[in-house]
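One structure is given below, encoded as structure tokens.
The values are calculated or read from the model by the stated rules, or taken from the named source; none is laboratory data. Just so it is clear, the structure is predicted and the values come from calculations on it, not from any experiment. Note: ideal-geometry Cβ built from the backbone for every residue, glycine included; neighbour counts use all protein chains shown. Ligands, DNA and RNA are excluded from the accessible area calculation, which covers all protein heavy atoms including side chains. Shrake-Rupley method; radii C 1.70, N 1.55, O 1.52, S 1.80 Å.
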Amino acid sequence: LGAFRLNRLFGWTFTKPAIVLATLAALLGVPSAVRAADYPSRPITIVVAFTPGGPSDVLSRFIGKRLNEILHQPVIVENRPGAGGNIAAEEVAHAAPDGYTLLMGNNSILATNAALYKKLAYDPEKDFIPISLIGTQANILVVNPNVPANSLPELIALAKASPGILNFASSGFGAAAHLAVGLFKTEAKINIIHVAYKGAAPALNDVIAGHVQMMFATSASVIGLIRNHKVRALAVTTIKRTALLPDLPTMDELGLKGFDATTWHGLVSPAGTPKEIIDTLHFAIAEALKDEATQKALNGLGVDIVGNSPKEFEAYIKAEIPKWTAVVKQSGAQID
């Protein structure tokens, strides 16, 4: 209906299309805040569950800059670290479902925390609508150069010959690196000892120093150390090889079939966000990921770009949850 027809029907006169749209929205019972025709009309916030400078933060800032250009609205990155990502996730889960508050989710927040924490104030499956899996970061199994193992099969053989002797570092109890080794222990049927650190940097420093023998670390954090022979890379944890280290074989290729311990990042919105807004955001993300400068920047962070659809991202999350729930239970890891 146009202004003329409304005038004929109801005797109303309108001079601005926006007033016509607002009146139609009121007649149809559609809240103005969620009408796709108006979205976005103000700044969008991406909530990041970790401190500035980390992978999730840097990724959000690159994506946010491109979304700003595509959607013609400012995109603000808000850091809300703490509780393994649960503080940020809870904030977004309880935010208005209008497309203006998004979460840069990852495997911890959306796949493992439900099994790891005794209580969560959000449901990773019910409280969010997936928008797009933006990219994955390969984890690299690295060992101290003095470890007498030049390949994954040699490391497994060494661990089986000396059960309970080899140590592995992680960035914290229940962290992604800890659970990746839990999966490794189960699949390889080996007994190695966990040493938890308060962050990835001190854990990696002790691997370099030889205080612990190995760890799983993101590719971007160890690429320079590998090239400088500070650590030895044995395998990558993704199903496919990573573009950052294309010559490094996968765990799957080396005999641990189906092994996948990928760090991933994707945008989600509060449950109830209208499909039209999700579609708008997905389109904008897809356009952002086509940008060569963005691709180069993300590849430099060790991110292998995905950019899938909301349904594909939803299916990916649903497949990740039972896999990591089983790993958490097997590891005995639990946090109050």
**Message:** Suppose R0 equals 45 Å. What FRET efficiency, 1/(1 + (r/R0)^6) with r the Cβ-Cβ distance, do A209 and K275 give to the nearest 0.05?
**Reply:** 0.30
**Request:** Return the FRET efficiency for the residue pair H94, A243: r is the Cβ-Cβ distance, R0 is 41 Å, and the value is rounded to the nearest 0.05.
**Result:** 0.65
**Prompt:** By a straight-distance test (C-alpha under 14 Å), which aspartates and glutamates pair with K160 as possible cross-link partners, with residues fewer than eight away in the same chain excluded?
**Reply:** E187
**Item:** Solvent-accessible area, 1.4 Å probe, carbon plus sulfur percent, for the chain
**Value:** 56 percent
**Prompt:** Any idea how far the Cα center of the stretch 197-220 sits from the one of the stretch 302-328, in Å?
**Reply:** 26 Å
**Item:** From the coordinates shown, volume of the Cα convex hull per residue in Å³ corresponds to which of (1) 264; (2) 144; (3) 128
**Value:** (3)
**Item:** Karplus 3J(HN,Hα) series, Hz, for the stretch 62-75 with 6.51 cos²θ - 1.76 cosθ + 1.60 (x for Gly, Pro)
**Value:** 5, 5, x, 4, 6, 4, 4, 5, 7, 8, 6, 9, x, 10
**Asked** If the chain between I87 and K160 were fully stretched, how many nm would it gain, using 0.36 nm times the residue separation less the Cα-Cα distance?
**Response** 22.3 nm
**Message:** Suppose each label sits 7 Å from its Cα in the direction of the beta carbon; what would the S309-K118 distance come out to in nanometres?
**Reply:** 4.3 nm
**Prompt:** How many nm is it between the label spots at E287 and K198, if each spot is 7 Å from the Cα in line with the beta carbon?
**Reply:** 4.5 nm
**Complete:** Dividing the mean separation of Cα pairs under 8 Å (6+ apart) by the residue count of the chain yields a relative contact order in percent of 25 percent
**Per residue solvent-accessible surface (Å²) - the chain, probe of 1.4 Å** = 46 Å²
**Prompt:** What are the trypsin sites (Lys or Arg not before Pro) within the stretch 120-214 that DSSP puts in a loop, where the Cβ has at most 13 other Cβ atoms within 10 Å?
**Reply:** K126, K189, K198
